[in-house]
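Novice: Let me give you the structure first, and then I'll get to my questions.
The values are calculated or read from the model by the stated rules, or taken from the named source; none is laboratory data. All values reported here derive from a predicted model rather than from experimental measurement. Quick reminder, even Gly has a Cβ in these numbers, built from the backbone with ideal geometry, and neighbours come from all protein chains shown.
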Amino acid sequence: MKRYDVVALGELLIDFTENGISGQGNPVYEANPGGAPCNVLAMLAKAGCRTAFIGKVGRDIFGDRLRSVLEEAGIDASNLVTDAEVRTTLAFVETLPDGDRNFSFYRNPGADMMLREEEIPEELLAHTEIFHFGTLSMTDDGVRRATKKAVQAAKQSGAAISFDPNLRPPLWRSLEDAREQVAYGCSQCDILKISDNEIRWFTGETDFDAGIRKIKEQYDIPLILLSLGKEGSRGYYKNIRVDAAPFLQDDTIETTGAGDTFAGCCLHFVLKYGLDHLDEARLMQMLTFANAAASIVTTRKGALRVMPEMQEVEQLIRKAGL
């Protein structure tokens, strides 16, 4: 047995999310710890998985706080590098009326962009069942090389590779550059988590099945997980397609971290059953659980520190009669 269930690499940052209006009529922002890869790990840690993170923060109050939050969440932070020259990345999140979000990043540069090849812990990557990454660690040349080194080290150790494009257009020099890196991720992964808007953008197909078909024709990906927001989710495994209904909540306030919660739950099921032993019933169980967990997160501010307990998710599923 390997030492870790999942190791992730990427951004760890502060999400300043709207939290009301001050007495003077100004928006009030709450400093929530975030970053998609760590959100995924936080959900996995709630499921009892052994997790570790590779990334970089600044030597500042936010970097110190983020390290403490990882440790509090049960995520191994021993490979979180501190940069004395560059500040921790910040993101300001505007919540739209439908619960979706706009992001403004303070990252020019941010510490997460400054991770270098020589800082990749190859020994750690030799001891994980799954390696998870996204594209925010591929927006600039240095961190891109570091990410690709980590992917190759994990693959050589026999780890399954999990990839979530997590497209943030403002962070890219061009969307063609983003497309090239998403294509790289698809060419390397065994598990692809992709959203409805991402698959339309990447494949040019408005029909989701047609988009998945196009990806399958070009890349050999055993498991593709499609998140559909308010429409639920789909799973594609070999010749099986499963649709799972959403858990809509009256008290939803924002969607930050919902996709990451969904991804973390799905990786938990992969760890439990393996990529070679999935069937229609297990896929439905996976997606139902992941949809329920993601739904709970939409009722809370932030993500990393508010991932649901397993019992909460199971209770919501029972309440729905599933």
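Novice: Being more than 14 Å from Ala47 (Cα to Cα) and touching a residue at least 12 places away in the same chain (Cβ under 8 Å) is the filter here, so list the residues in region 306-322 that pass it.
Specialist: Our first condition is that a residue be more than 14 Å from Ala47 (Cα to Cα); within region 306-322, this holds for 315-322.
Correct list: Leu316, Ile317, Ala320, Leu322.
Novice: Can you tell me which residue in region 1-15 is modelled with the lowest pLDDT, limited to those that are more than 13 Å from the chain's Cα centre (by Cα) and of a type in the set (Asp, Glu)?
Specialist: Asp15
Novice: Sticking with this one: Tell me, which residue of region 158-193 that is of a type in the set (A, V, I, L, M) and in a loop (DSSP other than H, G, I, E, B) is farthest from the chain's Cα centre (by Cα)?
Specialist: Ala159
Novice: Kindly establish whether Asp279 is surrounded by fewer than 16 Cβ atoms within 10 Å (Cβ to Cβ) and at pLDDT 95 or above. I'd like the intermediate steps shown before the answer.
Specialist: Numbers: surrounded by fewer than 16 Cβ atoms within 10 Å (Cβ to Cβ): yes; at pLDDT 95 or above: yes.
Here the answer is yes, as Asp279 does meet what is asked.
Novice: If I ask for residues that are surrounded by fewer than 22 Cβ atoms within 10 Å (Cβ to Cβ), among the small types (Gly, Ala, Ser) and at pLDDT 95 or above, which ones from region 98-145 would you list?
Specialist: The answer is Ala126, Gly142.
Novice: Condition first: assigned to a strand (DSSP E or B) and surrounded by fewer than 24 Cβ atoms within 10 Å (Cβ to Cβ). Now tell me which residues in region 1-16 satisfy that. It would help to see each step written out before you state the result.
Specialist: Within region 1-16, the first condition is being assigned to a strand (DSSP E or B), and the residues that meet it are 4-9, 13-16.
Listed by number, the residues that qualify are Tyr4, Asp5, Phe16.
Novice: Now, a different point. When only residues in region 274-291 that are part of a helix (DSSP H, G or I) and in contact with a strand residue (DSSP E or B) (Cβ under 8 Å, 6 or more places away or on another chain) count, which is farthest from Ser227 (Cα to Cα)? Don't jump to the end; show me each part of the working.
Specialist: Applying the first criterion (part of a helix (DSSP H, G or I)) to region 274-291 yields 280-291.
The next check asks that each one be in contact with a strand residue (DSSP E or B) (Cβ under 8 Å, 6 or more places away or on another chain); those that pass are 280, 283-284, 286-288, 290-291.
Details: Glu280: 17, Leu283: 14, Met284: 14, Met286: 13, Leu287: 9, Thr288: 12, Ala290: 10, Asn291: 9 Å.
It comes out as Glu280.
Novice: Looking only at region 44-72, count how many residues are crowded, with 20+ Cβ neighbours inside 10 Å, of a type in the set (Gly, Ala, Ser) and over 23 Å from Ala258 (Cβ atoms).
Specialist: 3
Novice: Does at least one position in region 219-226 carry a residue that is surrounded by 18 or more Cβ atoms within 10 Å (Cβ to Cβ), within 23 Å of Gly34 (Cα to Cα), free of Cβ contacts under 8 Å to residues at least 40 places away in the same chain and of a type outside the set (Lys, Arg)?
Specialist: Looking only at region 219-226, we keep the residues that are surrounded by 18 or more Cβ atoms within 10 Å (Cβ to Cβ), and these are 221, 223-226.
Now narrow it down to the ones that are within 23 Å of Gly34 (Cα to Cα): 225-226.
Filter once more, so that each one left must be free of Cβ contacts under 8 Å to residues at least 40 places away in the same chain: 226.
Next, only the ones that are of a type outside the set (Lys, Arg) stay: 226.
Taking every residue of region 219-226 in turn, at least one turns out to be surrounded by 18 or more Cβ atoms within 10 Å (Cβ to Cβ), within 23 Å of Gly34 (Cα to Cα), free of Cβ contacts under 8 Å to residues at least 40 places away in the same chain and of a type outside the set (Lys, Arg).
Novice: Taking region 242-269, which residues are of a type in the set (D, E, K, R), modelled with pLDDT of 95 or more and touching a Gly at 6+ places or on another chain (Cβ under 8 Å)?
Specialist: Of the residues in region 242-269, the ones of a type in the set (D, E, K, R) are 243, 250-251, 254, 260.
Okay, now just the ones that are also modelled with pLDDT of 95 or more, so 243, 260.
Selection gives Asp243 alone.
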